[in-house]
Amino acid sequence: METLSGTRLDMPGADAVLYEDAFTDPAALFRAVEAEADWHCEDITIFGRTHAMPRLICWMGDMPYRYSGLTHAPAPFSPAVQAARSVAEKLSEAHFNGVLLNLYRDDRDSMGWHADDEASLGLEPVIASVSLGAVRRMRFKPKPHVNGEAFGVDLPAGSLLVMKGETQANWLHAVPKTAKPVGPRINLTFRKIVAGV
């Protein structure tokens, strides 16, 4: 694989780099990941109300992962996801033992504001986010203690966004619904679990 140069995002108190062409055949990788994953929809409870998560998910890794009050039992890395992990580890210079897969079926599926800052990820986690399929815009906004501006960045198919350092401590991110119809998108967010659930 040739050496890629990424674009550093302008985020005070963060270390985030976008590699727009990390994968040479993202369409084939999308098809393989979609076929290999055991997709399911889970219910989540927010402010006392329970509703279906607005996307399908799958957790692959070496151990369980807990977030949003849910504990996910691990499935082994599939061949396509393992191949993606190798690229993500090389570009991020990190090791990952788990990945959360999200399938956004259409423009109505979304991800609310959050930071990947669970205690199980340790301090200053490295998150490597692979985008496949339809282009979606990820929104960023600073946490209240950070002097920065909200902004958005389009994540094309085959791109890899690497977030390191204090990114999760200082910034929130989201993938909102869109006003125009879009096709399906798969997002793989690689991470390293350093503490048990």
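The single condition from (1) farther than 30 Å from Asp62 by Cα; (2) touching a residue at least 60 places away in the same chain (Cβ under 8 Å); (3) touching a Pro at 6+ places or on another chain (Cβ under 9 Å) that Leu132 fails is (1). Among the strands (runs of 3 or more DSSP E) confined to the range 141-180, the ones with at least 1 residues that are aromatic (Phe, Trp, Tyr) and open to solvent by 10 Å² or more (accessible area, probe 1.4 Å) are located at 151-155. One residue alone among Ala75, Ala83, Ala37 is among the small types (Gly, Ala, Ser) and either out of contact with any Cys (no Cβ under 7 Å at 6 or more places or on another chain) or modelled with pLDDT under 90 (or both), and that residue is Ala83. Outside any loop (DSSP other than H, G, I, E, B), open to solvent by 10 Å² or more (accessible area, probe 1.4 Å) and hydrophobic (A, V, I, L, M, F, W, C) - does that describe any residue in the range 60-69? No, there is no match, as no residue in the range 60-69 is outside any loop (DSSP other than H, G, I, E, B), open to solvent by 10 Å² or more (accessible area, probe 1.4 Å) and hydrophobic (A, V, I, L, M, F, W, C). Of all residues in the range 104-133, exactly one satisfies the criterion of being among the aliphatic types (A, V, I, L, M), within 20 Å of Cys41 (Cα to Cα) and surrounded by fewer than 21 Cβ atoms within 10 Å (Cβ to Cβ), namely Met111.
Among the residues of the range 127-152, the ones that are among the hydrophobic types (A, V, I, L, M, F, W, C) and farther than 17 Å from Leu188 by Cα come to 4 in all.
Per-residue answers, yes or no, for (1) among the small types (Gly, Ala, Ser); (2) at pLDDT below 95:
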site: Ser5; (1), (2): yes, yes
site: Leu9; (1), (2): no, no
site: Phe30; (1), (2): no, no
site: Asp62; (1), (2): no, yes
site: Val99; (1), (2): no, no
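The values are calculated or read from the model by the stated rules, or taken from the named source; none is laboratory data. The model shown is predicted, which means the values in this text are computed figures rather than measured ones. Here the Cβ is made from the backbone with ideal geometry for all residues, glycine too, and neighbour counts use every protein chain on show. Each accessible area value is taken on the protein alone, full model and side chains, heavy atoms only, with ligands, DNA and RNA left out. Shrake-Rupley method; radii C 1.70, N 1.55, O 1.52, S 1.80 Å.
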